[in-house]
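The values are calculated or read from the model by the stated rules, or taken from the named source; none is laboratory data. Everything quoted here is computed from the prediction, not taken from an experiment. Backbone-built Cβ (ideal geometry, glycine too); neighbour counts: all protein chains shown. To get the accessible areas, we keep the full protein, side chains included, count just its heavy atoms, and leave off ligands, DNA and RNA. Shrake-Rupley method; radii C 1.70, N 1.55, O 1.52, S 1.80 Å.
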Amino acid sequence: YRLMGSAALTTPRGPIEGGGLIAGVLNLLGEGFNPFEFLPQQPIFLECYETLLHEWDHLRWEHISPYIDSLSSFSSEVDSCIDQFRIHCEKSEANSDKGSVASYFSEIILKNDNKFLDHRLNLVTFAMRPYKMTQNDNDDEKCFAQWRLLDSNNGQTSLWIKELSLLLQKQNGSYLKDPRLLIWDLCCCVLASRQLDAYTSICVKSHLNPDNENGGEVFFSAAAHAATNVENYKMLNPSGRMPIVLGLLEWPAQARRRDAFLASCKQHNFTVSIGSDESGVAIASSAYLGQPIVLSGDASSVVSPKAIMSSIVDDLEQSSEGGFNKKERDGLIKTTAAKTLASMVCLDSKTGHSSPEAGSNWLICVVIHSKEPKSALMTKALALFVSRMVSAAQEAAPRALLTMHPHLQEGEEVAPSDFSNFVVMSDTNVASHPTAQIFRDELAAHRLEASLDPSVITTRKKRSRLHGQCYDAKKCHVTVTAPKDCIITSTASFVHNSTSDCVFPDINTIDGNGAARTLPDSDWASDHCIVTSMISIKEPIRVTVPSSSASIPSPPVSPGARESRMRSRSWHSGFFDEPDDDDELDDEP
């Protein structure tokens, strides 16, 4: 039984005395393996980076060729690629006394760097990636971060070059698929070995180093602190307990990092619901709220984000001039929708969802990690997706709840019953103030509001030149700021005061050298801030269990309000038909 509705969402009416929570969103930076990619404003790091960069800009064929000679035999394709690299270097060096290696790596040369990942060794871009010695392929105990191959206490240059030779022999390995990746990885390894002190200094101190895995502790302690740092939270929750719900983006798949995050969540009393491996998103909520019910994310889900986004794309293409190109369409359906998770959380800390007869309140939670909306139409699609995801989750919630209590009979009263409370936690990837304002205007058309003003930035980062897009001048040594992260709910649900909206850490303060903080750094292991807002919550209302043949009832709304309501709809191709435009809205009783 699959619900993929596009009905109008139902919203609560305003602050209700006695109920409130903290909603937050954080991009965790996921599977980061390159400790040299981002430039924090920290003198020790920058000094070491400048040493490495100077070496990189002065690498020549004479520095690389001895290592190539050390490789074991290779195919004619690899040999041809090496000849092309040598010819490039010789031509460049004939006209300049500077290095020739760095200029070889163009977008074409590195086009598969983020596609072919198996059986590769790169001491720069994969420095913190778990590695298993090739000669001990079946020995799990030999797994360690790649940079350890050059650790002065554990290895010499001969060790990594031997490993690279063995990887070159792997059938269907990355180096046989694209020999240019061998040149790239080899040159990065040479760079690391020629500046060992600067290299190991950054690796030892890096927040990505598994030995320094405190990112989860910092993240979730900051979230927990938000619940006690709100000016009037006791007024909203006299019991003194402010529930927390966090949308987490780029949830790590790597076991060690994931397990460290889960341990930190448990320490700070969070329960975590994780989406599919494809999505890389999760929801953390106060443990005393009980385990959330997941509504999307697997084959048995009652809400399909991809189906909802496909419908939106089709609708907008029919009603708009130009429509979407293939890249935009794929970005919306294969990225944004794929990286979306919906769930429902019980807000009654006394009963949870184990005792439906007691009555309790529910919160619809949606986490969205969006592909950057680069056009007004993509921005419109994103806002519409937010609205339809909430409405689909609200419609699916009663049916999903019944699966938790199969003993209930048709007509039997059941609570929880109110699904009108909702919050969307998103990294929108909106890259500019004007686009952020367009997004807010589109949200307003659906009676939705984003927590932060478009002028408030939530990420400030500066990429180095030591990564797989080193050829792109727009992405190297350029400080990028953007208002990407936000909390979205109904306008009436936000509690606005001087401390209700929080962006942490502070990335706007200028230091003594006239520079603002860039992320990540040794104190904050993400390139995004955590954004939190205070949300008011409605009190619970009871409804009746629907029969198996009946339409799922609309979430209740407050007396006296006039609002779009969920009405009986016919089925068409798996979606709810929208009500006719001339349908009148009944006044609430």
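Proximity of backbone amide H atoms, modeled 1.01 Å from N, is registered between LEU246 and GLY24, ALA284, SER285 at under 5 Å, excluding neighbours fewer than 5 places apart on the same chain. A simple charge model with +1 on the Cβ of Lys and Arg, -1 on the Cβ of Asp and Glu and nothing else charged puts the dipole of segment 418-528 at about 560 debye relative to its Cα centre. Put LYS326, LYS462 in order of accessible area, highest first, and with a 1.4 Å probe you get LYS326, LYS462. The distance from the alpha carbon centre of segment 245-297 to that of segment 437-487 is 24 Å, rounded to a whole number.
A Cβ-based charge dipole, computed about the Cα centre of segment 38-152 with Lys and Arg at +1 and Asp and Glu at -1, lands at about 240 debye. Ligands, DNA and RNA left out, the accessible area of segment 240-294 computed with a 1.4 Å probe is 49% carbon and sulfur.
Straight Cα distances below 16 angstrom link LYS111 to the lysines LYS177, LYS475, with same-chain residues fewer than 8 positions distant left out. Expressed as a whole percentage, what fraction of the accessible surface of segment 444-536 belongs to carbon and sulfur atoms when a 1.4 Å probe is rolled over the protein heavy atoms? The nonpolar share, carbon plus sulfur, comes to 50 percent. Each other residue within a Cβ distance under 13 Å of GLN195 adds +1 if Lys or Arg and -1 if Asp or Glu, for a net charge of -4. Karplus-derived 3J(HN,Hα) values for segment 466-477, using 6.51 cos²θ - 1.76 cosθ + 1.60 with θ = phi - 60°, are 9, 7, x, 10, 4, 7, 9, 5, 6, 10, 10, 6 Hz; glycine and proline are entered as x.
Note on GLU250: accessible area is roughly 70 Å² with a 1.4 Å probe, heavy atoms of protein only. Protection proxy ranking, highest mean first, for peptides 169-181, 29-41: 29-41, 169-181, where packing is the per-residue count of other beta-carbon atoms within 10 Å, averaged. Couplings 3J(HN,Hα) for segment 375-384, derived from phi with the Karplus relation 6.51 cos²θ - 1.76 cosθ + 1.60 (θ = phi - 60°), are 9, 4, 5, 5, 5, 4, 4, 5, 5, 5 Hz, where x marks Gly and Pro. Amide H to amide H distances under 5 Å link ASP418 with TRP362, ILE541, where only residues 5 or more positions off or on other chains count and H is placed in the peptide plane. Shown in residue order for segment 444-459 are the 3J(HN,Hα) couplings computed by the Karplus curve 6.51 cos²θ - 1.76 cosθ + 1.60 at θ = phi - 60°: 4, 5, 10, 6, 10, 9, 8, 5, 10, 4, x, 7, 7, 8, 10, 8 Hz (x for Gly and Pro). Per-peptide packing, taken as the mean over residues of other Cβ atoms within 10 Å, places 182-195, 439-452 in the sequence 182-195, 439-452 from highest down. Quick one: grab the alpha carbon gyration tensor of segment 252-293, order the square roots of its eigenvalues as a ≥ b ≥ c, and give me rounded if a/c is under 1.5, else prolate or oblate depending on whether a/b is larger than b/c. Oblate shape, in that a/c is at least 1.5 and b/c is the bigger or equal ratio. Straight-distance candidates among the lysines for linking to LYS339, with alpha-carbon spacing under 21 Å and chain neighbours fewer than 8 residues away dropped: LYS115, LYS306, LYS326, LYS327, LYS371, LYS374, LYS380, LYS484. Once the 1.4 Å probe is applied to the protein heavy atoms, segment 286-346 comes out at 41 Å² accessible per residue.
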